[in-house]
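A short write-up of the structure that comes next.
The values are calculated or read from the model by the stated rules, or taken from the named source; none is laboratory data. Given the structure is predicted, the values throughout are model-derived calculations rather than measurements. All Cβ positions, glycine included, derive from the backbone under ideal geometry; neighbour counts span all protein chains shown.
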Amino acid sequence: MRRRSWLSLGVAAALLGAGTAATAQTPPADPALRASCRQLVTAQSGGMDFGALILTMSERFLPALPPERRAALQAAFARHSDELLDVAAGVCASSLTADDVAALRAFYDTPEGRSIARKAVLGDPLTPEERAVEAQFEASPAGAAVKAKRATVLMQTVQAEQPIYRKAMAELCADPGQCPALPPAPAAPPPPAH
C-alpha cells in the first residue's frame, strides 16, 4: 500500500469536508520541536511553493476550474499558506516525539525521500526502488513508530486546518455560482471529559 504524504492527505480531506470536528488550537509544544516540525512539513511538500502545492493537490479533488479561477484559488490558498503550515507544524509537534520528527526529517532529506514526497504530492506512482526504500523505512523501529501515529496525526491536522480552508474558499467563492459547493462545516467537538 502506497503511503501518501500527510500533507497531501490533509489537503484532500479538508477540501472534501472530512473530519468530524474543527479544533481551534493545537496544544502548545516545545518551540524547538515545532520549528523542526515546520521544516518537516516543508520537506513533505516536495519542494513546491505552498500555494502552488495546495492548488496542485486540490485539482485532483475539485472539479476542473477555468484558468482565472485556478489563479484565484492559488492566490487564496497562498494568502493562508503560513497559517496552514503553522497549524500543521503545531499538530506535528503535539503528536510526534522529537525522535519521530528526526527520523522523518532524515528520511525526507535523502534523494529518495524527496522524490517520494514530491510524487505523493503530485499523485505520481513510485518506482519499485522508491517503494522498497519506503517499505524499508516503515519497517524500521522509527518508521514503524511514525506509521502507527499517521492516521491520528492526519485527522488532527485535517480538523485543525479545516477552518482555514473554509476561510480561503469563502474568499474565493463570494459568488456561490463560481465554485463547487462546500460540505457543511462540522459540528464543534464536545468538551473533553475530565
message = Among the residues of the range 116-128, are any within 17 Å of Ala43 (Cα to Cα), assigned to a helix (DSSP H, G or I) and basic (Lys, Arg)?
response = yes
remark   = Sole miss for Thr26 among (1) of a type in the set (S, T, N, Q); (2) modelled with pLDDT of 75 or more; (3) over 18 Å from Ala168 (Cα atoms) is condition (2)
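Select from the range 91-103 the residues that are surrounded by fewer than 16 Cβ atoms within 10 Å (Cβ to Cβ) and either at pLDDT below 90 or assigned to a helix (DSSP H, G or I) (or both) and list them in ascending order.
Within the range 91-103, Ala98, Asp99, Ala102 meet the criteria.
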message = Can you confirm whether Lys167 is surrounded by fewer than 17 Cβ atoms within 10 Å (Cβ to Cβ), over 28 Å from Ala103 (Cβ atoms) and at pLDDT 75 or above?
response = yes
inquiry  = Only one of Phe137, Phe107 is touching a Gly at 6+ places or on another chain (Cβ under 9 Å), farther than 22 Å from Met48 by Cα and either buried (at least 17 other Cβ atoms within 10 Å of the Cβ) or of a type in the set (Gly, Ala, Ser) (or both). Can you tell me which?
reply    = Phe137
inquiry  = Where the second residue is at pLDDT 70 or above and among the hydrophobic types (A, V, I, L, M, F, W, C) and the first is more than 18 Å from Ala88 (Cβ to Cβ) and part of a helix (DSSP H, G or I) and lies in the range 54-78, which pairs have Cβ atoms under 6 Å and are six or more apart or on separate chains?
reply    = Ala72/Leu172; Leu73/Leu172
ask   = Among the residues of the range 104-115, how many are part of a helix (DSSP H, G or I) and either among the aromatic types (Phe, Trp, Tyr) or out of contact with any Phe, Trp or Tyr (no Cβ under 8 Å at 6 or more places or on another chain) (or both)?
value = 8
inquiry  = Cβ contacts < 8 Å: first residue free of Cβ contacts under 8 Å to residues at least 40 places away in the same chain, restricted to the range 117-139; second residue hydroxyl-bearing (Ser, Thr, Tyr), any location; separation 6+ or different chain. Result?
reply    = Glu130/Ser115; Val133/Thr110
query = If you go through the range 140-148 one residue at a time, do you hit one that is at pLDDT 90 or above, within 18 Å of Gln39 (Cβ to Cβ), assigned to a helix (DSSP H, G or I) and not β-branched (Val, Ile, Thr)?
reply = yes
